[in-house]
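The values are calculated or read from the model by the stated rules, or taken from the named source; none is laboratory data. Being a predicted model, the structure only gives us computed values, none of them experimental. We place every Cβ from the backbone using ideal geometry, glycine too, and count neighbours over all the protein chains shown. The area values use the complete protein model at the heavy-atom level, side chains included, leaving out ligands, DNA and RNA. Shrake-Rupley method; radii C 1.70, N 1.55, O 1.52, S 1.80 Å.
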Amino acid sequence: YWFGDHGDLHFPLRRQRLLCIRDRPLTEGWFSLGGKLIEEGFLPYTDFYAYLTPFYYWYSYFILQLGEETIFISRLLGQFNLNILFFLTYKVLNINFPKAQSLISALFAMIFYLSINAIISYDFIHIVNIFALSSFYIIATKETPRYLFLAGFLAAMCFLTKQSNGAVIFATLAIIFIYKFWDYKKLIFYPFLGVLLAVILNFLPYYNLCLL
């Protein structure tokens with residue numbers, strides 16, 4: 001059962017299951033359940049149980065706004081995400097290895113990744129990985145303030161998409177950044193601003209919806 005702010009009952013578990021399977025397979029439906037509830041006027045954390053940090057709920061809500069063929073749109077976006085992951089894997093490898101070796105290694109890495117983890121192409125794990133690889137690549141290759149700002153923003157999005165994996169990745173990226181820029185500690189100001197912006201953008205829609 002799900003409860004609101006004052007203990008009033010909003011959704012029985014039976015309703016949750018119906019939302020999962022109404023227009024898509026049960027294994028996929030729950031990924032969009034949070035977005036569906038937002039679409040119906042309910043907010044995460046106050047109106048229904050939300051076990052993730054907020055970004056994926058807004059992401060699933062965004063997918064639902066793109067059209068009625070949500071399962072097709074979700075899978076299409078998922079394929080786009082997997083292609084981004086392949087490209088980012090290649091770019092990260094290419095930091096230290098030649099293009100040909102990096103490309104082949106990225107291809108085999110994606111084959112292995114798909115064989116064990118990518119059952120649903122648009123789940124939050126892939127989103128977290130995109131943010132993580134993007135942030136790492138920027139930290140490893142860039143030094144200008146605007147790029148460091150973006151690196152901080154992307155690192156924070158890891159946590160704001162999935163708190164468990166994301167927290168570990170965020171801490172790891174922070175350690176890498178501090179190690180690289182140990183002699184230029186003032187630069188930490190820029191990724192900190194990026195983190196702050198990510199937090200504001202993820203909770204601002206929540207605040208606006210509360211006012212409706």
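Rundown of residues vs (1) within 18 Å of the chain's Cα centre (by Cα); (2) at pLDDT 80 or above; (3) under 23 Å from residue 137 (Cβ atoms); (4) of a type in the set (Phe, Trp, Tyr), yes/no style:
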position: 6; (1), (2), (3), (4): no, no, no, no
position: 46; (1), (2), (3), (4): no, yes, no, no
position: 64; (1), (2), (3), (4): yes, yes, no, no
position: 68; (1), (2), (3), (4): no, no, no, no
position: 102; (1), (2), (3), (4): no, yes, yes, no
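Residue count for the range 80-130 under the criterion of being surrounded by fewer than 12 Cβ atoms within 10 Å (Cβ to Cβ) and touching a residue at least 24 places away in the same chain (Cβ under 8 Å): the result is 2. Number of residues in the range 46-79 that are in a loop (DSSP other than H, G, I, E, B) and in contact (Cβ under 8 Å) with a residue 24 or more places away in the chain: the value is 6. Going through (1) among the basic types (Lys, Arg); (2) farther than 19 Å from residue 54 by Cα; (3) open to solvent by less than 80 Å² (accessible area, probe 1.4 Å) one by one, residue 162 falls short only on (2).
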